[in-house]
1. Provide the gained length on full extension for the span B:Glu471 to B:Asp108, in nm with one decimal, where the gain is 0.36 nm per separating residue minus the Cα-Cα distance.
2. From zero up to wherever the largest Cα-Cα distance of the protein assembly as shown sits, split into 10 Å bins and tell me the percent of pairs in each.
3. Consider a paramagnetic label point 7 Å from the Cα of B:Thr199 along Cα→Cβ; state which residues of the range B:290-305 have an amide N under 12 Å from it.
4. Helix check for chain B. Which DSSP H runs span at least 30 Å along their own axis by Cα, with a mean Kyte-Doolittle hydropathy no less than 0.0?
5. Taking each residue in A:184-195, count the Cβ atoms of any other chain within 10 Å of its Cβ, then average. What number comes out?
6. Excluding B:Thr298 itself, calculate the net charge of residues whose Cβ lies under 15 Å from the Cβ of B:Thr298, where each Lys or Arg counts +1 and each Asp or Glu counts -1.
7. Using a Förster distance of 22 Å, how high is the FRET efficiency between B:Val320 and A:Asp22, based on the Cβ-Cβ distance and rounded to 0.05?
8. Within the accessible area of chain B, what % is carbon and sulfur when the probe is 1.4 Å and the other protein chains stay in place?
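The values are calculated or read from the model by the stated rules, or taken from the named source; none is laboratory data. Since this is a predicted model, take the numbers as computed values, not measurements. Heads up, the Cβs are rebuilt from the backbone with ideal geometry, glycines too, and the neighbour counts pull from every protein chain shown. To get the accessible areas, we keep the full protein, side chains included, count just its heavy atoms, and leave off ligands, DNA and RNA. Shrake-Rupley method; radii C 1.70, N 1.55, O 1.52, S 1.80 Å.
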Amino acid sequence: MKAFTQLDGLAAPMDRANVDTDMIIPKQFLKSIKRSGFGPNLFDELRYLDEGRPGEDCSQRPINPEFPLNHARYQGASVLLARENFGCGSSREHAPWALEDYGFRCVIAPSFADIFFNNCFKNGILPIVLPADVVENLFSEMYSSEGYRLLVDLPAQTITTPAGDVINFDVDAFRKHCLINGLDDIGLTLQDADAIRDFEKNWQQKSPWLFREHRA
Amino acid sequence: MASQTLYDKLWAAHLVKERDDGTALIYIDRQLVHEVTSPQAFEGLRLAGRQPWRVSANIATPDHNVPTVLAERSAGVSGIQDEISRIQVQTLDDNCDEFGITEFSINDERQGIVHVVGPEQGATLPGMTVVCGDSHTATHGALGALAHGIGTSEVEHVLATQCLIQKKSKNMLVRIDGKLGAGVTAKDVVLAVIGKIGTAGGTGYAIEFGGQVIRDMSMEGRMTICNMAIEAGARVGMVAVDETTINYVKGRPFAPNEQEWEQAVSYWQTLHSDPDAHFDAVVELDGSSIEPQVTWGTSPEMVAAVGAVVPAPNDFSDPVKRSACERALTYMGLSAGQAITDITLDRVFIGSCTNSRIEDLREAAAVVKGKKVAESLKEALVVPGSGLVKKQAEAEGLDKIFTEAGLQWREPGCSMCLAMNADKLGAGEHCASTSNRNFEGRQGFGGRTHLVSPAMAAAAAIAGHFVDVREWI
Ligand code: SF4
């Protein structure tokens with residue numbers, strides 16, 4: 001998992017409440033054998049005018065000019081400003097996979113759906129909950145100034161706006177630790193790599209036949 | 001040292017570290033990999049820039065998606081007609097190439113259902129911890145191994161760390177004493193166990209199967225029993241090591257070589273529960289009273305002896321069970337009180353990781369030999385569990401016996417067990433199946449599955465309806 005410490009990122013809007021995971025990544029893309037490559041189909045039904053099919057070249061598809069992420073000013077965004085209950089619906093981990101693949105590393109909203117919130121942390125994305133009025137403020141500042149960037153500092157738990165305003169946010173200490181160090185379950189287990197190696201050495205002495213190489 | 005169960009011993013031998021939150025890091029000796037649950041795990045490794053911790057601990061083979069018809073099979077991966085299936089199988093090949101994992105690919109004679117291939121190659125051994133992204137991994141517990149299914153993120157975890165984060169289960173002993181009657185097989189035993197304790201009866205437990213019936217049983221039979229531990233709710237099923245186990249393992253390609261053999265055997269001989277070991281639950285069955293079993297419903301616990309009748313909802317006092325029975329009867333198109341032997345069949349499937357080993361095929365062939373399948377049957381498939389089972393069966397002439405009787409002899413794979421390839425039931429069709437799950441739609445949309453032993457399936461193929469195979473032998 002990618003570590004998350006500071007992020008100086010362009011902000012983009014997803015300006016509606018109750019964005020569900022089907023909206024984030026529609027079901028037809030779940031047949032994939034991959035967990036990367038979902039970026040081109042992020043928000044597929046909002047982003048394009050036709051119906052998306054798995055495996056097709058999205059650069060040839062008619063895009064929806066109304067959808068903000070298609071606007072030049074939001075290209076390269078890595079911070080998503082969102083509304084209440086972001087990520088509700090099915091538990092598909094494909095949703096954070098799609099956001100991450102597109103380039104988002106941080107989502108700021110007044111509230112999140114539970115499972116989605118958890119899934120973000122497992123995939124290197126920082127979801128930040130802020131009071132609705134603070135989020136509202138960020139939205140209007142962003143709309144009124146092109147190139148609006150936010151500096152997200154996870155160790156300090158602060159967001160700094162272009163005007164220099166500093167907003168504090170909460171994050172669970174354990175999740176913060178994992179995210180700063182880029183630790184997923186695997187990362188955590190690998191912190192015990194020495195113990196695993198010691199075990200393995202000892203086990204190999206007792207049961208050498210388990211460690212013989214076989215050629216197919 | 002305090003007395004230990006087999007499970008306690010296997011757990012303790014693989015414990016890398018206990019954590020404060022009650023979870024433990026368990027070392028994994030063998031991971032079996034197939035095409036359906038591994039792609040995202042390999043992708044995860046790639047994204048994180050990780051390599052497998054110990055490449056040689058992993059063995060792969062495609063099984064769920066592979067076609068079983070020779071014509072489609074002979075062109076290899078590129079001949080698979082269903083595109084999504086083809087991509088999954090191809091992806092397994094590519095991933096194994098990239099990471100250097102040993103794979104028995106589609107037309108290698110060692111290819112087959114992971115749970116048949118592992119023991120057959122000696123790639124799963126007594127005393128091992130074995131995992132696979134498949135819930136029927138408990139099969140390997142028959143060898144005196146600690147084996148269970150895992151999810152895709154855990155597949156990746158094992159690839160990357162050679163460990164799994166686990167909580168210890170409780171111990172259950174299922175003891176089947178006495179002697180099985182002629183025509184009664186391992187499948188009937190395990191169905192009878194599930195009928196007795198229910199599909200959640202083993203939840204939270206690691207089950208050890210013991211007693212005289214198990215001691216007398218072949219390894220194939222023990223695998224059939226452990227395979228369905230998950231259908232009783234237990235992720236782990238196992239049997240203590242004895243001479244039968246050791247004789248089975250000897251000489252297999254991945255088994256210990258001559259220098260290591262004695263050392264291995266002396267360790268394996270300790271792999272049994274101590275005489276006074278404590279079990280949190282004990283279930284006892286009398287083997288001599290077990291009859292051939294047939295499931296009539298949509299859960300493996302909905303099972304009856306072949307001579308019985310389909311139950312009525314009112315036979316169940318528990319309201320949840322009563323309504324489940326009602327729903328199952330509707331789905332299955334059966335009426336309460338109907339004799340099991342009156343259930344007519346459209347298809348017969350002999351195969352799956354429960355019953356596709358050589359002994360299963362011999363058992364079925366013995367029943368159909370010199371007879372013809374019923375005219376009313378649409379299809380009867382025999383799908384060997386691996387290329388080597390197929391080869392052995394052909395050497396014994398079993399394929400001829402089947403085809404002369406009118407059953408189809410197919411290429412190895414999971415096939416109609418879960419209908420991910422072209423082998424499926426049509427809506428409303430009844431199937432006598434030697435597989436392990438009779439869930440709604442499992443073998444095809446609207447399909448009606450009856451779980452039975454290979455001998456019972458073979459007899460049903462000839463008669464066109466269920467019969468008590470004991471009357472035929
Ligand atoms: S045969 Fe059936 S139960 Fe066994 S691994 Fe294949 S699909 Fe799963």
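1. Here the answer is 126.7 nm.
2. 3, 14, 22, 23, 19, 12, 6, 2, 0
3. Hits in the range B:290-305 for B:Thr199 at 12 Å: B:296-303.
4. Helices meeting the span and hydropathy rule in chain B: none at all.
5. 6
6. +1
7. Plugging the Cβ-Cβ distance into 1/(1 + (r/R0)^6) gives 0.10.
8. Solvent-exposed carbon and sulfur of chain B make up 50 percent of the total.
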